[in-house]
Amino acid sequence: MKKGVFLVAIAVLAAVTLPAKTELINIGYNTYNNCYIEGTNFSNVGLSVTGVYDNNFYFQLNLNYAMAYELNGVRVELKSTGITSVGVSTILGIGHDFKFGPLGLVLGAGVFGDFSVLKLDVPWYTDSLYHYYYLTGGLAAGANVFIKLGGNFVINAGIMGAWNPLTYSVNDDTKATKENQAQFSANIGIGWNH
């Protein structure tokens, strides 16, 4: 079921950006800081779709599945902890693409949104499923550099920085808000470009 949902998501994302002047689809590894708890860094695998249209409209959508997190210098692999984290983030704004032979650069900035869910199924921590929801919005800018390997296949690396004037989080027990929070992410992977 999960695999089918993921494949449908890939098809929808590809269709949305198909009319783009430049489309970059990347599957790979990324890091994401300040998720859930300030100072917490998550290491994810995920899918990123970026598009720049003829009118310089810029679109980026990222789907992430966490593999590990790091807090206070301690790294914890999630596969054996009973912790699951998934998220989606997007940037909508203006951008431009530059191409230099096999090399390419995509720049964009605009309105940013991020929604993530953390699920705990940890008997020593809680006697039932525990969910944590995280929603934030603000402004962000991103850059992706790619090199074509042959045809439309590429190696891609990107960075993104966001400023969030308001971050809202809720779990099974409490609600909280934070102001003026910064987020950064970096990714590298293989993908497809046209």
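Quick note: the coordinates plus some simple rules give every number you see, no bench work behind them. Quantities reported herein were computed from a predicted structural model and do not represent experimental measurements. No Cβ is skipped: glycine too gets one built from the backbone with ideal geometry, and neighbour counts run over all protein chains shown.
Given points 7 Å out from each Cα along the Cα-Cβ axis, report the residue 56 to residue 155 separation in nanometres with one decimal.
Result: 3.2 nm between the two label points.
Work out the FRET efficiency for residue 107 and residue 176 from their Cβ-Cβ distance, taking R0 = 35 Å, and round it to the nearest 0.05. Each step should come with its number before you reach the end.
Working: r = 34 Å, r/R0 = 0.97.
Between residue 107 and residue 176 the formula returns 0.55.
For a quick check of your reading of the filter: which chymotrypsin sites (Phe, Trp or Tyr not before Pro) in the range 54-158 sit in a DSSP loop and have no more than 14 other Cβ atoms within 10 Å? List each step's numbers first, then the result.
Numbers: sites: 57, 58, 59, 65, 69, 98, 100, 112, 115, 124, 125, 130, 132, 133, 134, 146, 153; in loops: 124, 125.
Sparse-neighbourhood loop chymotrypsin sites (Phe, Trp or Tyr not before Pro): 124, 125.
Using each residue's phi in the range 46-53, evaluate 6.51 cos²θ - 1.76 cosθ + 1.60 at θ = phi - 60° and report the 3J(HN,Hα) Karplus result to the nearest Hz, with x for Gly and Pro.
x, 10, 10, 10, 10, x, 10, 9
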